[in-house]
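Participant: After the structure tokens below, expect a handful of questions from me.
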Amino acid sequence: MTTEDQFVLGVDLDGVCADFYGKMREVVAYWRGVDPDTLPRDVSYGLPQWGVSSLDEYKRIHRYAVKECRLFLDVHPIAGCVQSLRRLSTEGVRIRVITHRIFISYFHKTAVKQTVEWLDRHAIPYWDLCFMKEKGHVNADIYIEDGEENIRKLEKHNRAVVAFTNSTNARMHPAPVMRAETWAEAEDFVRRAYYSWRSRRNLSLPPGPGYPPTGTVAV
Ligand SMILES: [Mg+2]
């Protein structure tokens with residue numbers, strides 16, 4: 001079976017599968033010598049609300065978080081994520097992880113190693129793992145993404161993208177075409193698109209969430 005025969009979900013990691021801001025909150029609090037509870041929940045990209053003063057400082061803290069605090073290994077999955085991905089995968093969706101985690105130089109090996117270990121640690125099913133900025137260059141039938149710039153770009157190129165809500169994108173204006181507050185909602189968007197894709201090809205549908213389509217065998 002080629003990938004043209006499969007429905008591909010392109011899923012981002014940080015802010016979608018991984019609670020990046022939850023773990024970074026602990027790291028930034030330690031970095032600054034303050035109680036994590038003093039850092040507001042409502043934060044935007046670059047973390048200015050937590051006293052991070054520049055992109056340069058953000059990169060220094062990010063590098064420290066990965067190299068010394070195992071950010072990508074110890075970050076918690078976002079609630080419901082792994083179960084949703086397992087159900088969709090069993091139903092025949094090809095999971096394609098697309099992340100821009102190596103945007104900071106000189107610790108790529110650590111970042112990639114932690115990422116792969118984390119995906120295995122949480123038994124997240126995936127067939128492809130892409131480290132890249134331009135997510136639209138990796139073909140997917142539907143994307144789940146939290147980065148405002150990425151959401152805009154994908155929408156501009158008529159890609160189906162579910163905006164996964166967090167404080168960095170909650171005030172997007174105009175609002176994204178599809179928005180999910182939880183993984184249950186994101187899963188529902190993906191499943192509806194997938195079932196419609198299968199129906200257009202006269203393929204059988206799964207008998208229920210988390211089951212392989214009738215007449216097929218789960219892999
Ligand atoms: Mg993200």
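Participant: Rounded if a/c is under 1.5, else prolate if a/b is larger than b/c, else oblate: which is region 120-219, with a ≥ b ≥ c the root eigenvalues of its Cα gyration tensor?
Facilitator: prolate
Participant: Return the long-range amide H neighbours of Ala18 (sequence gap of 5 or more, or a different chain), with a cut-off of under 5 Å between placed amide H atoms.
Facilitator: Ile78
Participant: Mind running the shape call on region 76-120? Use the C-alpha gyration tensor, a ≥ b ≥ c as the square roots of the eigenvalues: rounded below 1.5 for a/c, prolate if a/b tops b/c, oblate otherwise.
Facilitator: Judged from the Cα gyration tensor, region 76-120 comes out prolate (a/c at least 1.5, a/b above b/c).
Participant: For region 12-100, compute Rg over Rh where Rg is the Cα radius of gyration and Rh is the Kirkwood radius from the inverse mean 1/r over Cα pairs.
Facilitator: 1.04
Participant: If you don't mind, another one. For region 1-149, with all protein chains present and a 1.4 Å probe, just round the carbon and sulfur fraction of the accessible area to a whole percent.
Facilitator: 50
Participant: Kindly report, to the nearest 10 Å², the accessible surface of Ile104 as traced by a 1.4 Å probe over protein heavy atoms only.
Facilitator: Here the residue's solvent-accessible area equals roughly 10 Å².
Participant: Taking amide hydrogens as modeled 1.01 Å from N in the peptide plane, which residues meet the under 5 Å criterion relative to Glu91, leaving out close sequence neighbours?
Facilitator: Sorted by chain and number, the residues that satisfy this are Gly210.
Participant: Tell me the GluC sites (Glu not before Pro) within region 73-169 that lie in a loop according to DSSP and have at most 15 other beta-carbon atoms within 10 Å.
Facilitator: Those satisfying the criteria are Glu134.
Participant: Sticking with this structure for a sec: What do you get for trypsin sites (Lys or Arg not before Pro) in region 147-189 restricted to DSSP loop and a cutoff of at most 10 other Cβ within 10 Å of the site's Cβ?
Facilitator: Here the trypsin sites (Lys or Arg not before Pro) that fit, given the DSSP loop and packing criteria, are Arg171.
Participant: Post the alpha-carbon centroid distance, region 1-59 to region 98-143, in whole angstrom.
Facilitator: That distance is 15 Å.
Participant: Among residues other than Glu149 whose Cβ falls under 13 Å from its Cβ, what is the net charge (Lys/Arg +1, Asp/Glu -1)?
Facilitator: Here the count lands on -1.
Participant: If DNA, RNA and ligands are ignored and the probe is 1.4 Å, what is the ranking of His122, His100, His157 by accessible area, most exposed first?
Facilitator: Highest to lowest solvent-accessible surface, that is His157, His100, His122.
Participant: Can I ask one more? Report the far tail of the P(r) of the chain, meaning the percent of Cα-Cα pairs longer than 24 Å.
Facilitator: For the chain, the share of Cα pairs beyond 24 Å comes to 44 percent.
Participant: Given H placed 1.01 Å from N in the peptide plane, which residues other than close sequence neighbours of Cys130 have an amide H under 5 Å from its amide H?
Facilitator: Long-range HN contacts for Cys130: Val97, Ile98, Thr99.
Participant: Which one, Ser199, Ser89, Ser105, has the greatest fluctuation when you compute a Gaussian network model over the chain with C-alpha springs under 10 angstrom?
Facilitator: Taking springs between Cα atoms under 10 Å, the residue moving most is Ser105.
Participant: Given the -39500 (n - 2.57) contribution per DSSP H run of 4+ residues, what per-residue ellipticity at 222 nm results for the chain, rounded to the nearest 500 deg cm²/dmol?
Facilitator: Mean residue ellipticity, 222 nm, calculated: -11500 deg cm²/dmol.
Participant: Relative contact order, percent, of the chain when contacts are C-alpha pairs under 8 Å separated by at least 6 residues?
Facilitator: 26
Participant: Hey, in the GNM for the chain with a 10 angstrom Cα cutoff, which one of Leu203, Leu13, Leu73 fluctuates hardest?
Facilitator: Leu203
The values are calculated or read from the model by the stated rules, or taken from the named source; none is laboratory data. Note that the structure is predicted; figures quoted are calculated from it, not measured. Glycine also receives a Cβ, built like all others from the backbone with ideal geometry; neighbour counts cover every protein chain displayed. Calculation scope for accessible area: heavy atoms of the full protein, side chains included, ligands and nucleic acids excluded. Shrake-Rupley method; radii C 1.70, N 1.55, O 1.52, S 1.80 Å.
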